[in-house]
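J.: What follows is a structure written as structure tokens; I'll ask about it next.
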Amino acid sequence: MVSLKVNGAVHEIEVEDETPLLWVIRDEIGLTGTKFGCGIAQCGACTVHINGEAQRSCVIPVGSLQDAEITTIEGLSTSGLTHVQQAWIDHQVPQCGYCQSGMIMAISALLAENGDPTDEELAAAITNICRCGTYPRIRAAVRALASRED
Amino acid sequence: MPTRRTIVLGTFGAAGALVVGYAFWPSSRIRRANAMDAAKDERFVSNWIKIANDDTVTVVIPHCDMGTGIFTSLSQMAAEELDADWNKVTAETAPSDPLFANGALAEGFILSQQDMSGRDIPPFLRGTVANGFRMVAEYMDLQVTGGSSAVRATGMFGMRLAGAAAREMLLKAAARRWDVDVASCETRSSRVIHKATQREFTYGELAGAASDYEPPTHPRLKDKSEFRLIGRPLQRIDIPGKVDGSTNYGIDVIQPDMLYAAIRISPVFGGKLKSVDTRIVEGRRGIRQVVKLDDAVVVVADRYWRAKAAAADLDPQFDGGGHDKVTSASIAARRLEAVRGRDAKIDLTRGEGIDALARGTSFAATYSVPYLAHSPMEPMNATALYKDGMLEVWSGTQDGLGSRAFCAKAAKLSLDKVAFHLQPMGGGFGRRLPGQWNFLEYAVRTALAVPGVPVKLIFTREQDTQHDYYRPNVTSAFWGSLGPEGLVRTWVNTYTTDDGANPQAHIPYDIPNQQIGSVKVATHVPTGPWRSVEASWHGFFVESFVDELAHRGGQDPFEYRRALLRHAPRHLAVLELAAQKAGWGAPMARGRGRGIAIVESFKTIVAQVAEVTIDAKGALKVDRVVAAVDTGLVVNPDGLKAQIEGAIFFALTAALKGEITIDQGAVAQSNFNDYEMLRLADCPEIEVHLCESDGEVGGAGEPGVPPLAPAVTNAIFAACGVRVRNLPIKNHSLAPSASVTTSE
């Protein structure tokens, strides 16, 4: 039995400890915004926040996550869209959209740490795969977010 | 005498006016559409267009959403002619039912066909009918999304006319209520207005009465100058659901009491299951059943993770299907032998053809491209339920109606016993087109073996990579001869093909003597359309050889192409715009280079200039790609730019890294660790410039792909003198010591 805190709610999950977090989120809790892409932490479609840090949930055994705070795309904002999500709309970033949950989670974690990343820092931090090739717009959206004044 | 086809299907005049009638839905069909797909407070007014009492206009789209933005651009086209308030327009996927078959798609292509023989069927439609497309009726049973067809066929031949017809019906209904002349009424922003008396009705108030009229067969289409929505960079309507995780892709389908399935398919294509010891997984927690199919084993469990882990632990034994000695090298050797032999089927001869080769300085070169997987981010999957003799299937495919028919056939059921629910797709790129539905077939066969309960089958990424229908590997040999001024006088080309001649091998260049032919090389490796289909290889071959000829002739590659395109003003304008925006001719530092290429595909002309840097160790960086695009009418300029940007990156991944190899009859690559993808760090600066023209409306999704590879390899040659003739580029050393003239 694993006690998981996902998007603020506690779930008692009765699965094998080695079950990857991704499948617990999708198939036990029923949150499908987090995607399966590769299963070997290559593509980042499954990125969630674990204690605020972007992690690839397809290779993280759920048994290691007792008491961790997990955030998925569904829990990124409690009211409306975050600045990152809004920038994704303003810059018309997604095409098929399948990788974008993971992309937005990875970018949100990066910007929380470093609000104004250089292109090099961005490229080093964001290794998620987008087959549609939305990267030029991701760059533009992040530049706009970095220069935003709130 | 006009043929029957031109009478029935009509054509557009130069100004875009409909010359002959369009097949509108009669009122009987509208009634059936209402019964199937309209809520209580809405109704179809004409094809594809529902209007609700609260003025909401719903455009019903006979395509799927795979990320290209067509739900928005097609709605824009319908709303334009309808004069609808864009804020009250929504779109939804058409039911997978023959009632909603996309006649416009068929008409759009029939109009562009010279004859109806199977040979001229556009490749993305080839899998749709087993017996080669001889009947117009067969054309009509389509909901295919591919061939960059949505805007240029469905939009131009369907949505605009449907919108225009509905508008005229609304006008008629208002005029009748007011008892005034229709000509005294006008439409604006979802209202009909009678200016003289300052009265107005909203569309919602009129929709019921309007839908009682038969749709006009010759509705007036707007002139370009009247457009208010077409041509505007409107925001895509599908994007909000893609930033908060709410878009429900095929893989996200949840049904009550659903089980999950993981599969192991014979690694060698065509191999059959010999045996599998299932005891190792039987009795494990959650494992419900191991289904043995003739060429695969499927593990069904209560959770996907349990099914996946159990499938991985099985050790199924498959035979080699007679192909287990085949390798990439053996296939390449056969291709090379074929293009150098004398068995080519000649597809085009111009002037003196090959006989002119002997005159002038001749030059030969041979190129090749490898197999490529599509690898959309959402792995192949389908959910199927077989219960009480009925089959219900949920999946993302590029043809909902075709998928329904396919599933019916796979289950040996009649169409009315099968329901298909088309879901948005996490990428397609051709992978989910008809003819490539192994995932549907396996899901249906699994559901039949586990009746009464829905089963979601998901390919692992490894199964997805190893059981695709690959972009063919192709070899193409060229012979050219130059006249005294360095310009090419003779062009001879023989290429290998899986399935017949490729019109895309024909060149836009004004070369007096030409011979182009193909030679068939069949293998056991399944192939299929991959974003831009045959243009993805012929674009590379043709634009590489032209570049080599330019250098042989001692001329600038841009000026050389200009000279050969003097007769083609649209090509010339696109080429010149790309060169100008890229700063063609400006000096570059040592180790840097520029390359140019131009390809027309799907009626859209795209030129690209790539800039590369090669460092002292031979490491390549693609710094910048500048594209110019002529797609005729531009419906949504931002959407078009996004498609070209994405296509450039998709093509760059393939050019630099993409290679599926065959070893012992099976695919050697498995996941993104060995079938590598470019990422953000590899993305060049990309600029897209549009040059709108009065040309025929072209596609958007695919034409950005073909010029990229040759633009980059031509830039590599300019930078370091290495001529890359065989993709991918990663297999070539670009270090200074390797600077010979070619790299085979």
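J.: May I ask you to give the percent of accessible area on the protein assembly as shown that is carbon plus sulfur, with a probe radius of 1.4 Å?
T.: For the protein assembly as shown, the apolar C and S fraction of the accessible surface comes to 49 percent.
J.: Based only on the alpha carbon positions, what is the Kirkwood hydrodynamic radius of chain A, in angstrom? Before the final figure, lay out the partial values.
T.: On the way: mean 1/r = 0.0639 Å⁻¹.
After inverting the pairwise mean of 1/r, the radius is 15.7 Å.
J.: Using R₀ = 35 Å, calculate the FRET efficiency as 1/(1 + (r/R₀)^6) where r is the Cβ-Cβ separation of residue B:681 and residue B:317; round to 0.05.
T.: Efficiency for this residue pair is about 0.25.
J.: Bin width 20 Å, alpha-carbon pairs only: give the P(r) of the protein assembly as shown as whole percents, running from 0 to the bin holding the largest distance.
T.: P(r) over the protein assembly as shown, rounded to whole percents: 14, 46, 34, 6, 0.
J.: A further question on this structure: Once the Cβ-Cβ distance between residue A:51 and residue A:9 is put in as r, and R0 is 22 Å, what FRET efficiency do you end up with, to the nearest 0.05?
T.: 0.85
J.: While we're here: With every protein chain left in place, what is the accessible area per residue of chain B in square angstrom, probe 1.4 Å?
T.: Details: 27080 Å² over 744 residues.
About 36 Å² of surface per residue is accessible.
J.: If you average 1/r across every pair of different Cα atoms in chain B and take the reciprocal, what Kirkwood value do you get, in Å?
T.: Values: mean 1/r = 0.0364 Å⁻¹.
Evaluated over chain B, this radius sits at 27.5 Å.
J.: Per the Cauchy relation, a quarter of the hull surface: what is the mean projected area of the convex hull of the alpha carbons in region B:599-705, in nm²?
T.: Details: hull surface 34.5 nm².
The orientation-averaged projected area of the Cα hull of region B:599-705 comes to 8.6 nm².
J.: Mind checking how much accessible area A and B bury in total, 1.4 Å probe, in Å² rounded to 100?
T.: 4800 Å²
J.: In chain B, what percentage of the DSSP-assigned beta bridges are antiparallel, given to the nearest 5?
T.: Details: 85 of 115 bridges.
Expressed as a percentage, antiparallel bridges in chain B total about 75.
J.: Per residue, how much accessible area does region A:83-146 have with a 1.4 Å probe, in Å²?
T.: That works out to 30 Å² for each residue.
J.: Quick one: pull the percentage of alpha-carbon pairs in region B:232-370 with a separation above 20 Å.
T.: Distances greater than 20 Å cover 71 percent of the Cα pairs.
J.: What is the Cα centroid distance between region B:547-573 and region B:175-226, reported in whole angstrom?
T.: 52 Å
J.: Please give the Cα centre distance for region A:25-91 versus region B:375-431, rounded to the nearest Å.
T.: Distance between centres, Cα-based: 28 Å.
J.: Over region A:2-74, what lengths in whole Å, largest first, do the semi-axes of the equivalent ellipsoid take, defined as the square roots of 5 times the eigenvalues of the alpha-carbon gyration tensor?
T.: Working: eigenvalues 55, 34, 26 Å².
After scaling each eigenvalue by five and taking roots: 17, 13, 11 Å.
J.: What residues from region B:72-97 fall in the zone where the backbone N is under 20 Å from a label point 7 Å along the Cα-to-C-beta line of residue B:416?
T.: B:95-97
J.: Could you work out how far apart the two model spin labels at residue B:664 and residue A:121 are, taking each label as a point 7 Å from the Cα in the direction of the beta carbon, and quote it in nm?
T.: Between residue B:664 and residue A:121, the simple spin-label model gives 4.9 nm.
J.: Ignoring everything but the protein chains, give the 1.4 Å probe accessible area of residue B:185 in square angstrom, nearest 10.
T.: 20 Å²
J.: Given 5 Å bins starting at zero, what is the percent of C-alpha pairs of region A:83-146 in each, up to the one with the largest pair distance?
T.: 4, 19, 36, 29, 11, 2
J.: Here is a follow-up. Find the relative contact order for region A:2-74 and round it to a whole percent, using C-alpha pairs within less than 8 Å whose residues are 6+ positions apart.
T.: With pairs under 8 Å counted, the relative contact order is 41 percent.
J.: Then there is this: Using only Cα atoms, locate the centre of region B:285-315 and the centre of region B:656-683, then give the distance between them in Å, rounded to an integer.
T.: 26 Å
The values are calculated or read from the model by the stated rules, or taken from the named source; none is laboratory data. Bear in mind the structure is a predicted one, so any value in this text is a computation, not a measurement. Positions of Cβ are backbone-derived with ideal geometry, glycine not excepted, and every protein chain shown enters the neighbour counts. Remember, those area values only see protein heavy atoms, side chains included, never the ligands or the DNA or RNA. Shrake-Rupley method; radii C 1.70, N 1.55, O 1.52, S 1.80 Å.
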